[in-house]
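Heads up, the thing below is written out as structure tokens.
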Amino acid sequence: LRQELGLDLPAWHRYPAWLAGVLQGDFGNSLYFNVPIGPLLLRRLENSLILAGFAGVIAIPISIAIGVIAGLRRGKVTDHALSITALAMVSMPEFLTGIGLIIIFSAWLEWLPPTSMIFGDASPLDAFKTLILPVTTLTLGMMAYISRMTRSSVVEVMQTEYIRMAVLKGMRWHTVVFKHALRNALLPTITVIAVYLGWLVGGLIVVETVFGYPGLGSLLLIAIKGRDVPLLEAIVLIIVLAYLLSSMLADILYVMLNPRIRYK
């Protein structure tokens, strides 16, 4: 086994050989599954991207709308209600949200399957019902976090001098909000969204475990339990790359949307 893994060779020889294999998509073989890591990793990554993609498409526009409404109605009943709801959802762990949804929609109402287990080479899209509960769990957490960030940004921007000047000049309210305030208020929100989406690629361990979803997060947990070091190295590498790419995308978007930084 040591010879098969190359552990009998010196470190200066092992690392370049491993890096050369990674650059060609060869991560070695899994000790737990006894199969090549590349195809296994690719299939699980695709499943996680499907889950994170659906959650992002649903949560981002709704949470931004909620945050803008709460920010524009600062101190009113609508603001208090939305803020308390968002705070409650942020404070609630994902496993508790997931179990609660399973109890309500699977055990009581019997509308949806309690697990998202997929067998063989089947895609999650082939059994769309199995995606609803895990996507809802992720969506609630994302909506709470992003809406609170959006609300804080809108409140801060609406108190700036250029917004007051636009109002005093007699500009229409919707022009002030959508043309002047919203673009600047969304700058920190877009950064948070990009970083959050990068975290989702490897941060789905709890949700995927609760629902038995075959994604990258649940595979990471299996690798840890089975002490599958080659598989664990490959998963961590993919998660780090996803996070770095999302952070770089956030910086690029911030520069594109903020001319003060672009022309410095």
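Worth pointing out:
- Of all residues in the stretch 197-241 being modelled with pLDDT under 90 and among the small types (Gly, Ala, Ser), the one that is farthest from Thr115 (Cα to Cα): Gly198
- Flag set for Gly75, criterion: open to solvent by 10 Å² or more (accessible area, probe 1.4 Å) and modelled with pLDDT under 85.
- Applying the criterion of at least 1 residues that are open to solvent by 60 Å² or more (accessible area, probe 1.4 Å) and among the basic types (Lys, Arg) to the helices (runs of 4 or more DSSP H) found wholly in the stretch 107-219 leaves 129-158, 161-168, 182-202.
- Near pairs, Cβ below 7 angstrom, 6+ apart or cross-chain, from the stretch 34-48 (under 17 Å from Glu233 (Cβ atoms)) to any residue that is of a type in the set (Phe, Trp, Tyr): Ile37/Phe27; Gly38/Phe27; Leu40/Phe33; Leu41/Phe27
- Of residues in the stretch 28-66 being out of contact with any Leu (no Cβ under 8 Å at 6 or more places or on another chain), closer than 30 Å to Ser152 by Cβ and not hydroxyl-bearing (Ser, Thr, Tyr), the one most open to solvent (accessible area, probe 1.4 Å): Val57
- Taking every residue in the stretch 4-30 that is touching a residue at least 24 places away in the same chain (Cβ under 8 Å) and pairing it with any residue that is charged (D, E, K, R) and open to solvent by less than 70 Å² (accessible area, probe 1.4 Å), at least 6 positions away or on another chain, the pairs with Cβ-Cβ distances below 6 Å are Ser30/Asp228.
- Tallying residues that are under 27 Å from Met89 (Cβ atoms) and hydrophobic (A, V, I, L, M, F, W, C) within the stretch 11-60 yields 10.
- Some residue of the stretch 98-112 being modelled with pLDDT under 80 and not hydroxyl-bearing (Ser, Thr, Tyr): no
- Which numbered condition Leu82 misses (of (1) open to solvent by 60 Å² or more (accessible area, probe 1.4 Å); (2) in contact with a helix residue (DSSP H, G or I) (Cβ under 7 Å, 6 or more places away or on another chain); (3) more than 16 Å from Phe211 (Cα to Cα); (4) touching a residue at least 24 places away in the same chain (Cβ under 8 Å)): (1)
- Restricting the stretch 85-106 to residues that are hydroxyl-bearing (Ser, Thr, Tyr) and over 30 Å from His174 (Cβ atoms), the residue that is most open to solvent (accessible area, probe 1.4 Å): Ser91
The values are calculated or read from the model by the stated rules, or taken from the named source; none is laboratory data. Being a predicted model, the structure only gives us computed values, none of them experimental. Reconstructed Cβ throughout: ideal geometry from the backbone, glycine too, with neighbour counts over all protein chains shown. Heavy atoms of the whole protein, side chains included, go into the accessibility calculation; ligands, DNA and RNA do not. Shrake-Rupley method; radii C 1.70, N 1.55, O 1.52, S 1.80 Å.
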